[in-house]
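Worksheet: one structure, shown below.
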Amino acid sequence: MRYPKLCRIVTETQVTDEVSKASSSDRCFHWQLRAYLADGSEYSGNYGDAVSLQTLKDFHRRRLQILAKAGADLIAFETIPNKLEAKAYAELLEEEGINIPAWFSFTSKDGINVVSGDSILECASIADTCRQVAAVGINCTPPRFIHGLILSICKVTSKPVVIYPNSGETYNAERKEWVKSSGVSDEDFVSYVGKWREAGASLFGGCCRTTPNTIRAISGVLSNKSSPSLSDKMEM
Ligand SMILES: [Zn+2]
């Protein structure tokens, strides 16, 4: 498929507002079961034994139906913390007959595994097998971890790789605030972009604590060289 220049991309955050009127914060609280559980599992990806594949599918099915009817060009499943949730999304897309492309984006705290400890290789493989998934990647993860994760993802899929890291600052879950001192500047953030592209990433952006200046700087880097053609890679 070809993406229009301006996609209507809907994310979990939007459907949270529509469905559950859940409260939001300045962290990216994508419509999460883990936020709904309010037990801190949004930071660990560990939902416990009580949450099965079926639990996740039951929770997310109605939300997915609403997103599919909203006229989106693409549905972003982001900040995915474990392989169970990726599997739930993949099965729902199939069962609901969704014909809108999606991307699956995972989070990592160590550059090797997703936050639950599940292997990024296993998670990306699940995304790879899903027909509707048009891109696979990483979001809300410190820039220093991104390069290795791109290389891992490229081992198990030929789908385009999407990355939108956070600023590298640390989120203090107990105090519900970002710790400013550990972040990277827009200049430093952008210094990674060429490396990420060489490693195989095709879609770039910024998640929590990045700013319009970050996006402007990324755009500047990418427009200096011709980017790989996405349209060829985005065939569904
Ligand atoms: Zn984020």
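The values are calculated or read from the model by the stated rules, or taken from the named source; none is laboratory data. Note that the coordinates shown come from a computational prediction; the quantities given were computed from them, not determined experimentally. All Cβ positions, even for glycine, are placed from backbone atoms using ideal geometry, and neighbour counts span all protein chains on display.
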ask   = Among I138, I98, I112, I126, which is β-branched (V, I, T) and touching a strand residue (DSSP E or B) at 6+ places or on another chain (Cβ under 6 Å)?
value = I138
Yes/no for V161 being at pLDDT 95 or above, within 19 Å of P81 (Cβ to Cβ) and buried (at least 22 other Cβ atoms within 10 Å of the Cβ) = yes
message = Which residue is farthest from D73 (Cα to Cα), if the candidates are limited to the stretch 110-157 and must be away from the ligand (no atom under 16 Å from the Cβ) and in contact (Cβ under 8 Å) with a residue 60 or more places away in the chain?
response = G117
task = Quick one: I98 ticks every box in (1) more than 16 Å from the ligand (Cβ to nearest atom); (2) more than 15 Å from V133 (Cβ to Cβ) except a single one, so which number is it?
result = (2)
message = I need the full set of residues from the stretch 165-187 which are under 19 Å from the mean Cα position of the chain (by Cα) and either free of Cβ contacts under 8 Å to residues at least 60 places away in the same chain or under 16 Å from N113 (Cβ atoms) (or both), in order please.
response = P165, N166, S167, G168, E169, T170
task = Name the single residue, out of those in the stretch 165-198 being out of contact with any helix residue (DSSP H, G or I) (no Cβ under 8 Å at 6 or more places or on another chain) and in a helix (DSSP H, G or I), that is modelled with the highest pLDDT.
result = E198
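Each row is one residue, and each column tells you yes or no for (1) of a type in the set (K, R); (2) out of contact with any Leu (no Cβ under 9 Å at 6 or more places or on another chain); (3) surrounded by 14 or more Cβ atoms within 10 Å (Cβ to Cβ).
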| residue | (1), (2), (3) |
| --- | --- |
| S52 | no, no, no |
| L84 | no, no, yes |
| A88 | no, no, yes |
| I98 | no, no, yes |
| I112 | no, no, yes |
| L121 | no, yes, yes |
note = Scanning the stretch 205-220 for residues that are assigned to a helix (DSSP H, G or I) and crowded, with 18+ Cβ neighbours inside 10 Å, the one nearest to the ligand (Cβ to nearest atom) turns out to be T214
query = If you check Y3 against the conditions, is it at pLDDT below 95 and either within 16 Å of the ligand (Cβ to nearest atom) or among the aromatic types (F, W, Y) (or both)?
reply = yes
